[in-house]
1. To the nearest whole percent, what portion of all C-alpha pairs in region 28-109 is separated by more than 16 angstrom?
2. Highest first, please rank the peptides 41-49, 141-149, 98-106 by the mean number of other Cβ atoms sitting within 10 Å of their residues.
3. If R₀ is 30 angstrom, what is the calculated FRET efficiency for the pair ALA111 and ARG26, using the beta carbon separation as r and rounding to 0.05?
4. Express in Å², to the nearest 10, the accessible area of ASP163 obtained by rolling a 1.4 Å probe over the protein heavy atoms while all chains stay in place.
5. Taking 0.36 nm per residue of sequence separation and subtracting the Cα-Cα distance, how much length would be gained by fully extending the chain between LEU44 and GLN118, in nm to one decimal?
6. For labels at ASP6 and MET143 in the simple 7 Å Cα→Cβ model, what's the distance in nm?
Amino acid sequence: MRPAVDDVLAGLGARAQVQPAKMLERMVGDGALAPRFYASLTGLFGWCALLLASIGIYSVVAVTMRARASEIAIRTICGATRARIVRETLRFSMLPVAVGLVVGIGPGLLAARLLSTQLRIDAGQDIWAIGIASTCLVAAAAMATVVPAMRQAATDPARLLRDSGTTADW
């Protein structure tokens, strides 16, 4: 088909300004480069935010576990298992994450609706995006909590008491 089109265009001569032919897929792909770039950049920023949140949660839990070293040692001496210590630490650490999600999802949905009306875009996928982001945040927070909790629960209680500065006269 292209040779026939070339013959018709050659017959028009200099009157026709012809640009090089492109395939439709390439034209559509070229038009979508900027949105793809911005979507990729936004996703990268989202993953960086998740990484920073995980590092922050890990740091807070590690410091908290260090501060509670004598309490954990005494619980271990009294018979608490490693699993129970890790469960209690998870419960203690995931409470702020759950509160943050509950408090943040409402304003997030409201802001998405406001922006969708201002930018004239469809915000129908926001529920899925918020659900996936919330799940990723909870999973990252759980992993960031379990590591220091397991390390603290596996440490010898005598060493925990000695390192925390607490002495016990048994």
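1. 69 percent
2. 141-149, 98-106, 41-49
3. That pair, ALA111 with ARG26, gives E of 0.25.
4. For ASP163, solvent-accessible area is about 70 Å².
5. Contour length minus Cα-Cα distance gives 24.2 nm.
6. Result: 5.5 nm between the two label points.
The values are calculated or read from the model by the stated rules, or taken from the named source; none is laboratory data. On a predicted model such as this, the values are computed, not experimentally measured, just so you know. Glycine also receives a Cβ, built like all others from the backbone with ideal geometry; neighbour counts cover every protein chain displayed. With ligands, DNA and RNA removed, areas are computed over all heavy atoms of the protein, side chains included. Shrake-Rupley method; radii C 1.70, N 1.55, O 1.52, S 1.80 Å.
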